[in-house]
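Contents: one structure, followed by commentary.
Please treat every number below as a calculation from the coordinates, not as lab data. The shown structure was predicted, so the numbers you read here are calculated from the model rather than taken from an experiment. As a convention, Cβ positions derive from the backbone with ideal geometry for all residues, glycine included, and neighbour counts pool all protein chains shown.
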Amino acid sequence: MKYFAGIVSLLIAFSSVAAAQSVPRQLLSTPTHLELDRPSVQAQAGATVNYTVTLKNAANQPVEASSDLVLQVETPSGTKSITIAKGQSSASFAWQANTAGIGRMQVRSGKLHPASGLVLVAPTPAVQVHAPVAIMEHAPPHAAPPPPSPPTGHNHVPIGAIATASPTLGAHNQPGGTPAPAPTAPQATKLALFVTPTSVLGNALDHTWTATVDIAALGNNGEILPVASAVQVHLTSNLGQFTPADLVLQPGEFSNFGNAVTLKATRSGKDSVQALSSLGNAGPVEVDYMQPAPAKLQVLLGTPQLQGSGSSSVSVQVCLEDEAGAPTISGDDLQVTLDAAGQFSKSPLSIPHGLTCSEQVTWTAQRSGAASITARAEGGIQGANTVTFPSFPWYLVWLAALGGILGAVILHTDGLFSEQWWAHTWRSLVVGGVLGAIIYLLARYGALLMPSSVPVAIQNIPAVSGTGSFVLGFVGGIFGRKILKIDDSESGSPPAPQAQGMAGGH
């Protein structure tokens, strides 16, 4: 039984590897999205927040920019531009956190999927009024707080302010000089829930949808306040899984910003995320796990191969991409028509629903040189590619002929390169070169049957390399007559002398 379990585990591992390799590697060379190194961050007012944005492919791996890539960075205080230099995969920028509150960072460039993140700017103890929790959209720099009001008969503390005890002031304001009790600093009474982004694009490579979840503590009027005691938070979702699903805000903490929870789903659809805690429930937040619609076809071509008939062939596979160039899938089967000069082993092709690519087919062309292929599918999406089919490598034939001449030289070494040797052997050298070329061509196209009298495994000699063609020609120069069953007797040899009668006879 244990052997059976081992075999099953091996099959599962093999199928997992095969599934991971089902998308061709060519699709991973294209950048598809931008990513911030900090999906959420908490900072104090007046601090500088540093970010790094990275250019990544569909497998979430860094990709170098093929040319200078200009990025538009939208911050709570305005928009700025940065550049990922050619040959680099990332760039950095800084943002000054002047205004307390919660803001959103977004980085965009062309059709790439943008990067987004949240920043919570916590008020410092010197700041008298907290900013509301509403997302800051290009908020102006924080203004200096107004001067304190003259003391009155009541020591009034504004709602949402951080007040510090002042016994001296209180003693003057109370009858009889009795000190007033120190006012209690306001504390959080509820939580706010944030999911970034709420429209999550799926990854066709592993069929996952990933977002981040953050919690912030608020006062009655939506101001950012710390919690007075430990608050346990439990996250719930209809479709996704959290890592982790439970977190704790310790006394004095404003949020879990900077340590965001990961939300991951394995299928598309509508989700509802909620946070449960002793400060009440936060949410629900509606999340949409979307699969980007196919926008174009990527035609992937293999390496052209020269066939025995003189034609060339290349493998063809068609894959679906979204607007940003990331692999995607279709909810329905797609029929793809191929258009090119030549013949296909199968056309039209089908890309089944839920898959990114079609099966591989063979495209055969009769002529060498550059050729174009176009793929078209339902919905008006299409793609094209070009390939250069190779011409016949005649230099390999010349190498084989040279090998055949050398083989003929080996057969005729008596008086090598002497005048008599040249006079009697030059014809054999020509024949050896011709036999070397013929044997090479026959071996290349698999039309050669080796007799048992030739002690050479000619099928093990690579016919597509320069060394292999030379060796095949050499074999042809030595054994060509036996292989082709040509009479090996030397023509032009003087006949053997005959007796001219009997000794002493007339």
(request) At 0.36 nm per residue, minus the direct Cα-Cα distance, what do H207 and A47 gain on full extension? Give it in nm, one decimal, please. (result) 53.7 nm
(request) Decide, for the range 24-127, between rounded, prolate and oblate: order the square roots of the alpha carbon gyration tensor eigenvalues as a ≥ b ≥ c, take rounded if a/c falls under 1.5, and otherwise choose prolate if a/b is larger than b/c, else oblate. (result) prolate
(message) Shape verdict for the range 262-359, please, from the Cα gyration tensor: rounded (a/c under 1.5), prolate (a/b greater than b/c) or oblate.
(response) prolate
(message) At a 10 angstrom cut-off on C-beta neighbours, averaged per residue, how do the peptides 324-332, 250-258, 345-353 rank from highest to lowest?
(response) 324-332, 250-258, 345-353
(request) Mind checking the full-extension length gain between Q305 and K111? Use 0.36 nm per residue of separation minus the Cα-Cα distance, one decimal, nm. (result) 66.2 nm
(message) Beyond a 21 Å Cα-Cα separation, which of these cross-linked pairs lie in this structure: K111/K296; K190/K264; K56/K111; K111/K264?
(response) K190/K264; K111/K264
(request) Please list, in chain and number order, the residues 5+ apart from K296 or on another chain whose amide H is under 5 Å from its amide H, with Hs placed from the backbone. (result) E321
(message) Given a Förster distance of 22 Å, report the FRET efficiency between Q366 and S465 from their Cβ-Cβ distance, rounded to the nearest 0.05.
(response) 0.30
(message) Output wanted: per-residue J couplings in Hz (rounded whole) for the range 86-102, from phi through Karplus 6.51 cos²θ - 1.76 cosθ + 1.60, θ = phi - 60°, x for Gly and Pro.
(response) 4, x, 9, 10, 8, 8, 10, 8, 10, 9, 8, 8, 8, 9, 5, x, 10
(request) List the residues whose amide H sits under 5 Å from the amide H of L355, counting only those 5 or more places along or on another chain, with H placed 1.01 Å from N in the peptide plane. (result) S330
(request) Taking amide H positions as placed in the peptide plane 1.01 Å from N, state which residues far from G342 in sequence (5 or more) or on other chains have amide H under 5 Å from it. (result) none
(request) May I ask you to sort M105, M290 by Cβ crowding, counting other Cβ atoms within 10 Å and putting the fewest first? (result) M290, M105
(request) Run down the aspartates and glutamates and flag those whose C-alpha is under 16 Å from the C-alpha of K270, throwing out any fewer than 8 positions away in its chain. (result) E286, D288
(request) Would you calculate the separation in nanometres between label points at W426 and Q96, each defined as 7 Å from the Cα along the Cα-to-beta-carbon direction? (result) 9.3 nm
(request) With a point put 7 Å past each Cα toward its Cβ, work out how far T262 is from S345 in nm, to one decimal. (result) 3.9 nm
(message) Quick check on the exposure proxy: order C319, C357 from fewest to most C-beta atoms within 10 angstrom.
(response) C357, C319
(message) Just want the ordering: H33, H412, from fewest to most Cβ atoms lying within 10 Å of their own Cβ.
(response) H412, H33
